[in-house]
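The values are calculated or read from the model by the stated rules, or taken from the named source; none is laboratory data. Nothing here was measured: the structure is a model prediction, and the numbers come from that model. Here the Cβ positions follow ideal geometry from the backbone for every residue, glycine too, while neighbour counts run over all protein chains shown. The area values use the complete protein model at the heavy-atom level, side chains included, leaving out ligands, DNA and RNA. Shrake-Rupley method; radii C 1.70, N 1.55, O 1.52, S 1.80 Å.
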Amino acid sequence: MHLQTILPILSALGTSASAAITSKPTHLWATHYNGNVYSLTLKDNDLSISQTLNTCGDMPSWLTLDPRTRTVYCSDESGTADPSTHGSLTALHVKPDGTLREGAVAKTVGGGVNSVIYEAGAGKKFLAIAHYEGSAISTFALPIKQDQPELQSFHFNLTRPGKVAQQDSPHPHEVFLDPTGSFIVSPDLGADLLRVYAIEDNGSGKLSECPSVNITYGSGPRHGVFWSDGSNRVGAGSTQSRKTAAVGETMMYLANEIGGTIMVFDVSYPRSGCLSFEKKQTMVPYPGGVMPKGATPAGIKRIGDDLYVSIRSDQGFAPSDSIVALDRSADGSVELRDSSSALGKVPRTFVINRAGDLVAIGNQATATVAIVRRDPQTGNLGEEVATLQVGEPGKVGTAEGLSSVIWDE
């Protein structure tokens, strides 16, 4: 075969392989503080809006998918700690084409900004919600029913204000599970605490408070992620995982918004039935080891030994902000690998797909969802696949613009 014949074939194969990642339609969902939830479709490197649904209260802020029941739970950030105000939790049922249908709505404590699904034996599922302005954590049994009351709520107060104005009251910013599925951890930005809860073993879905972990004054912990060597994944709500010392290694990586740092903790499972944290490292996740004035870490994600942190308002790739990649060493410490463009301003959230080859970045101020490639072998972030404006841009530093994005996985 002549070279002139081979080259077009090779070229076509290369193009086909490149496009194969997105040739089958993939669905995402995004929330916007304008009161809408958007269904998005990614196909052939084109990202489009397939549905705009006015739902989830006045300030839709976070989406959590239950893949088994094909239900998306949407938290509404409306309301404060004042009991005369409230937020809401809305069940959105996924239709075959990836669009959503509104289901039951329940009233919540105000200020819901993040949620996580957990199990408590016999396949029973529950949802925990972090309430930033509500200074609380609440839980609900799933699936929710119309006007269903909460299962539990924990309300917090400060004995003294924190270092900066944002720390005028407790502000739980996230709830996430440990690798065994037996504990919930919540970084409290206002109180400089990690709040820790054990999931009770009796199937009730109720949480028991564990001792909180003090974080360096003025750090403002926002989001975190666990790493495990896999040997302590005993199962959700398992008595064994909590009441005997877990084998293997577990670590936690904490992104501090106000202090501009990442903290690394060794995590152990003492026989007391709660988690124990020992800080091993504090580092600044930015080139040169100095966070630009006004810039803050926001989200942190991990896949394998690769960690990524979104940096808001650094203008590292002006007019866009940055996503930084961190390398994890054998001893669990991390160091900066490189940084890349967030393809928008104020990357409040970002999510890596299950295959590990695509990252969706939710830029709040520009109200854009940007999709970039990720090399599963090297962990490096690569070329832009697609960028789409979703709703109106928001002013930096306000609760306006795009608030979250998730994959349909």
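With the requirement that a residue be open to solvent by 50 Å² or more (accessible area, probe 1.4 Å) and small (Gly, Ala, Ser), what does the range 75-122 give you? Listed by number, the residues that qualify are Ala81, Ser84, Ala122. The number of residues in the range 376-396 being touching an Asp or Glu at 6+ places or on another chain (Cβ under 7 Å) and either open to solvent by less than 60 Å² (accessible area, probe 1.4 Å) or without any contact (Cβ under 8 Å) to a residue 12 or more places away in the chain (or both) comes to 4. The residues listed here are Lys124, Lys107, Lys145, Lys95; of these, the one that is more than 24 Å from Trp29 (Cβ to Cβ) and out of contact with any helix residue (DSSP H, G or I) (no Cβ under 8 Å at 6 or more places or on another chain) is Lys124. Annotation: Arg373 fulfils all but one of (1) assigned to a strand (DSSP E or B); (2) surrounded by 21 or more Cβ atoms within 10 Å (Cβ to Cβ); the unmet one is (2).
Number of residues in the range 376-406 that are at negative phi, part of a loop (DSSP other than H, G, I, E, B) and in contact with a strand residue (DSSP E or B) (Cβ under 6 Å, 6 or more places away or on another chain) equals 1.
Taking residues in the range 262-274 that are under 12 Å from Gly332 (Cβ atoms) and in contact (Cβ under 8 Å) with a residue 24 or more places away in the chain, and partners anywhere that are among the β-branched types (Val, Ile, Thr) and buried (at least 21 other Cβ atoms within 10 Å of the Cβ), the pairs with Cβ atoms closer than 6 Å and at least 6 places apart or on different chains are Val267/Thr250. Is it the case, given these coordinates, that Leu336 is at pLDDT 95 or above, crowded, with 21+ Cβ neighbours inside 10 Å and over 30 Å from Thr99 (Cα atoms)? No, not satisfied. Contact annotation: residue pairs with Cβ atoms under 7 Å, 6 or more positions apart or on different chains, pairing a residue in the range 289-310 that is of a type in the set (Asp, Glu) with a partner that is surrounded by 14 or more Cβ atoms within 10 Å (Cβ to Cβ), are Asp305/Arg328; Asp306/Ala325; Asp306/Gly379.
Being open to solvent by less than 40 Å² (accessible area, probe 1.4 Å), under 23 Å from Tyr253 (Cα atoms) and aliphatic (A, V, I, L, M): is that true of Leu194 here? It would help to see each step written out before you state the result.
Numbers: open to solvent by less than 40 Å² (accessible area, probe 1.4 Å): yes; under 23 Å from Tyr253 (Cα atoms): yes; aliphatic (A, V, I, L, M): yes.
So Leu194 passes the test.
Considered as a group, the residues in the range 239-282 that are more than 24 Å from the chain's Cα centre (by Cα) and not in a loop (DSSP other than H, G, I, E, B) include one that is modelled with the lowest pLDDT, and that residue is Lys243.
Report yes if some residue within the range 42-53 is under 24 Å from Asp147 (Cα atoms), at pLDDT 95 or above and touching a Cys at 6+ places or on another chain (Cβ under 9 Å); otherwise report no. Checked against the condition, which is being under 24 Å from Asp147 (Cα atoms), at pLDDT 95 or above and touching a Cys at 6+ places or on another chain (Cβ under 9 Å), the range 42-53 yields no hits at all. Of Gln152, Gln166, all but one fail to be at pLDDT below 95 and open to solvent by 10 Å² or more (accessible area, probe 1.4 Å); the exception is Gln166.
Residues that are surrounded by fewer than 18 Cβ atoms within 10 Å (Cβ to Cβ) and touching a residue at least 40 places away in the same chain (Cβ under 8 Å) within the range 311-326 are absent altogether. Within the range 43-67, the only residue that satisfies the criterion of being surrounded by fewer than 16 Cβ atoms within 10 Å (Cβ to Cβ) and under 16 Å from Glu400 (Cβ atoms) is Asp58. Confirm whether Ala399 is open to solvent by 30 Å² or more (accessible area, probe 1.4 Å), in contact with a Phe, Trp or Tyr (Cβ under 6 Å, 6 or more places away or on another chain) and of a type in the set (A, V, I, L, M, F, W, C). Yes; evaluated as a whole, the condition is true for this residue.
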